[in-house]
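For reference, the structure is listed below as structure tokens.
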Amino acid sequence: MAPSVHTTGAAAPAAQPASSGVLTIESMPAHLRSVVEDLMVSYLRSESTWEVSGQDPLEAQWCTRWYKDWPGHDLAALAAGRSAARHGVGCRQVITGTREELKALDEAVAALAQTHGFSAWVSM
């Protein structure tokens with residue numbers, strides 16, 4: 001005989017469908033990388049939907065790939081010392097979450113970017 005199950009009558013919330021987006025950051029001061037990583041953890045609460053069958057877990061992309069980024073990408077002016085622009089870091093990271101999570105992350109990184117003078121957005 002199966003054990004009885006007590007229910008309160010409340011239906012479980014329906015899972016929201018996962019969406020994908022791209023987090024793009026340009027010319028951000030490097031010291032803000034951990035702030036952006038914390039925002040991603042805070043806002044992207046649902047499980048990732050990216051699973052590649054047969055992929056070696058040691059080669060999976062578990063971390064955000066940051067690169068040096070210069071405003072305007074005028075490397076010749078920077079090399080010649082004719083640019084007052086300071087370099088920063090950037091990324092283009094594919095992310096997954098619900099549409100609401102992606103929108104909330106977009107708003108958070110845009111506010112951070114406006115405060116610190118760089119560009120950041122999530123495209124969906």
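The values are calculated or read from the model by the stated rules, or taken from the named source; none is laboratory data. In this text, all values refer to a predicted model and were calculated from it rather than measured experimentally. As a convention, Cβ positions derive from the backbone with ideal geometry for all residues, glycine included, and neighbour counts pool all protein chains shown.
Please work out which residue is nearest to Lys103 (Cα to Cα), limiting yourself to the range 32-62 and to residues that are modelled with pLDDT under 95 and among the aromatic types (Phe, Trp, Tyr).
Trp50
Are any residues in the range 92-124 of a type in the set (A, V, I, L, M, F, W, C), surrounded by 16 or more Cβ atoms within 10 Å (Cβ to Cβ) and closer than 17 Å to Ser42 by Cβ, and if so, which ones? Break it down into steps so the answer makes sense when it comes.
Of all residues in the range 92-124, those of a type in the set (A, V, I, L, M, F, W, C) come to 94-95, 102, 104-105, 108-113, 118, 120-122, 124.
Add one more test, that the residue is surrounded by 16 or more Cβ atoms within 10 Å (Cβ to Cβ), and what stays is 95, 102, 104-105, 108-109, 112-113, 118, 120-122.
Correct list: Ile95, Leu102, Ala104, Leu105, Ala108, Val109, Leu112, Ala113, Ala120, Val122.
Confirm whether Asp74 is closer than 20 Å to Ser27 by Cβ and modelled with pLDDT under 60.
Working: closer than 20 Å to Ser27 by Cβ: yes; modelled with pLDDT under 60: yes.
When the stated conditions are applied, Asp74 passes them.
Taking only the range 87-109 into account, find how many residues are in contact with a strand residue (DSSP E or B) (Cβ under 8 Å, 6 or more places away or on another chain) and under 17 Å from Arg33 (Cβ atoms). Talk me through it step by step, then tell me what you get.
Pass one, the range 87-109, residues in contact with a strand residue (DSSP E or B) (Cβ under 8 Å, 6 or more places away or on another chain): 87-99, 102-103, 105-106, 109.
Right, trim to under 17 Å from Arg33 (Cβ atoms) and you get 87-93, 95, 105, 109.
Final tally of qualifying residues: 10.
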